[in-house]
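The values are calculated or read from the model by the stated rules, or taken from the named source; none is laboratory data. Keep in mind the model is a prediction, meaning the values are calculated, not measured. Here the Cβ positions follow ideal geometry from the backbone for every residue, glycine too, while neighbour counts run over all protein chains shown.
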Amino acid sequence: MSRAIPQPRPSAADPILDVRDVTLRFGGLTSLDGVSLRHGRGSVLAVIGPNGAGKTSLFNCLTGAYRPQQGSARFWPTAPTAPTAPASPATQAGASALVGVGERGVELVGRSPHRVTRLGIARTFQNIRLFPEMSAVENVQVGVEVRARAGALRGLVPTRAVRREEREILERSHLLLDFVGLRHRVRWPAGSLAYGEQRRLEIARALGTSPALLLLDEPAAGATASERRDLVALIRAIVDQGVSVLLIEHDIRLVAAVARSIVVLNFGRVIATGSPEQIRSDPAVIEAYLGDPDDRADDRADDRADDRADDRADDRADDRAAGQAGDGTDGSEGRR
Ligand SMILES: Nc1ncnc2c1ncn2[C@@H]1O[C@H](COP(=O)(O)OP(=O)(O)O)[C@@H](O)[C@H]1O
Ligand SMILES: [Mg+2]
């Protein structure tokens, strides 16, 4: 990517993520087919594509939920030039997880979700996953506690240090709720919040783990126009805090408002990479996606249903042909 104006460091030249040739199969279905992408530190990279393109599968491969059959995903949790992420009570605890991160970064493939979180990658889910009975602030605490030093023994041994850490966790959780605009919802059960608020709460919880890279899976799904504007502002504020963002989003206008570059997936393959302007005018992208994503997704589902119906009809025809071929013999001759 060439840039006319020199940027202050960190620049996109510093990688935070380098995905190479990732292939993920489920039985006969190839959900990711040799996917490669590179994400520059301190920016937003958007991943777009029709339903079923493999976007969520990619997130699952990066976060240890799925293990791809092939490929690598290298991650650089820190760079010498990176600004610090929002202050954490226990950044030191996270730092110990970074020992051994050199020029080549760390390999994410094969790591457990827990290890990936500790390395500095957090995510939100396409289908919101909060603890609905717990309050907003308690949900965020769950994220912040990932980095806590006292860990599971905290409740058993309430030393002064443990109490101080608990206070810090609570303070940071409040700050994060403030940051995402949910100060007025601190004590509300997560399940009672409006949909858009739940999405922001999930972002606050993810930020609680002090990530270097935040993965957002369709954060604007179901959002109103004003919630979308708020989300654009929130994503920019997150990047300003030194957190890089990988964003799955359907709304190309929202994507163009925050993302420096875009990767387009279709049927598990990268079909285009470029700036929002380049992507908008790419014929392959227009064909695959931008025309009318909903119609196209529906068309594809219809096509698949038609294909299956055709296959069944073919099978029946084969069966009939086999039956006829076998007439007068043992009935199995014509079968393949
Ligand atoms: N756990 C799974 N088992 C079987 N197939 C899966 C699984 N996860 C995803 N897939 C398939 O992988 C393809 C890509 O899905 P997904 O990554 O959810 O797409 P997107 O997020 O772009 O809509 C789909 O065909 C989906 O059915
Ligand atoms: Mg998805």
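Observations, loosely collected:
- Tallying residues that are away from ligand 2 (no atom under 16 Å from the Cβ), crowded, with 17+ Cβ neighbours inside 10 Å and of a type in the set (Lys, Arg) within the range 13-65 yields 2.
- Residue check, Arg164 surrounded by fewer than 17 Cβ atoms within 10 Å (Cβ to Cβ) and at pLDDT 95 or above: no
- Which listed residue, of Gly268, Gly191, Gly242, Gly196, is in contact with a strand residue (DSSP E or B) (Cβ under 9 Å, 6 or more places away or on another chain) and not β-branched (Val, Ile, Thr): Gly268
- Only one of Ala272, Ala284 that is of a type in the set (Gly, Ala, Ser) and either surrounded by 15 or more Cβ atoms within 10 Å (Cβ to Cβ) or not in a helix (DSSP H, G or I) (or both): Ala272
- Residues of the range 204-263 classified as assigned to a loop (DSSP other than H, G, I, E, B) and of a type in the set (Asp, Glu), total: 3
- Listed by first and then second residue, the pairs with beta-carbon distance under 6 Å, at least 6 apart or on different chains, first residue in the range 40-58 and away from ligand 1 (no atom under 15 Å from the Cβ), second among the hydrophobic types (A, V, I, L, M, F, W, C) and in a loop (DSSP other than H, G, I, E, B), are Gly40/Ala12; Arg41/Ala79; Ser43/Ala12; Val44/Ala259.
- Positions within the range 66-79 being free of Cβ contacts under 8 Å to residues at least 60 places away in the same chain and either over 12 Å from Leu24 (Cα atoms) or surrounded by fewer than 22 Cβ atoms within 10 Å (Cβ to Cβ) (or both), in sequence order: Tyr66, Arg67, Gln69, Gln70, Gly71, Ser72, Ala73, Arg74
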